[in-house]
Amino acid sequence: MRSLETLLDLFRQNGLKITAQRRMILELLVNDDSHPTAEQVYRRILETIPDISRTTVYNTLGELTDLGELTPVHNISGRGQRYDTNQETHHHLHCVECHELLDISRDYERMDLSLEEASGYRILRHQVTFFGICPDCQTRRGDHAADEDGRQLLMQSAPDTE
């Protein structure tokens with residue numbers, strides 16, 4: 001995401017007032033790459049500005065999205081829409097247990113759809129999401145086995161058959 005000053009200028013250029021609430025939301029997002037939900041943004045701001053409304057948060061996130069500064073990541077965890085501050089082409093790694101969402105900056109070759117596969121759609125962007133269980137969740141679960149390369153593998157504990 002661009003700098004706070006750049007975002008403030010962008011808001012002004014688009015006729016949007018810079019309120020204390022909006023400024024705080026922008027400050028939070030400039031330094032946040034966690035892909036927060038609107039509710040998470042609201043709860044973080046609420047600690048500093050107890051009278052902020054959810055409407056202000058949702059409206060500001062919508063304005064940032066309209067200005068091209070946020071990208072909605074739709075229901076990736078089933079826990080509501082998340083917002084991505086990284087506007088570069090990238091993909092995601094998602095933990096299905098704790099719902100952490102990490103950026104992967106890698107160009108996957110041959111991601112374009114053929115005309116037939118696109119079914120008449122005009123493709124605007126694409127995103128690959130890998131789903132797995134992060135190292136912290138694996139540790140909490142007690143998963144600990146490695147393949148030949150020493151990488152961590154997910155092991156489901158099977159009941160004893162003896």
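Structure notes:
- Which numbered condition A20 misses (of (1) surrounded by fewer than 13 Cβ atoms within 10 Å (Cβ to Cβ); (2) within 16 Å of Y83 (Cα to Cα); (3) aliphatic (A, V, I, L, M)): (2)
- Search result, residues across segment 121-162 that are farther than 23 Å from R106 by Cβ and either modelled with pLDDT of 50 or more or among the aliphatic types (A, V, I, L, M) (or both): Y121, R122, T139, R140, R141, G142, D143, H144, A145, A146, M155, A158
- Search result, residues across segment 21-46 that are at pLDDT below 95 and over 16 Å from P72 (Cβ atoms): N31
- Going through (1) at pLDDT 75 or above; (2) surrounded by 10 or more Cβ atoms within 10 Å (Cβ to Cβ); (3) not hydrophobic (A, V, I, L, M, F, W, C) one by one, G68 falls short only on (2).
The values are calculated or read from the model by the stated rules, or taken from the named source; none is laboratory data. Note that the coordinates shown come from a computational prediction; the quantities given were computed from them, not determined experimentally. Methodologically, a virtual Cβ is constructed for each residue, glycine included, from the backbone with ideal geometry; neighbour enumeration extends over all protein chains shown.
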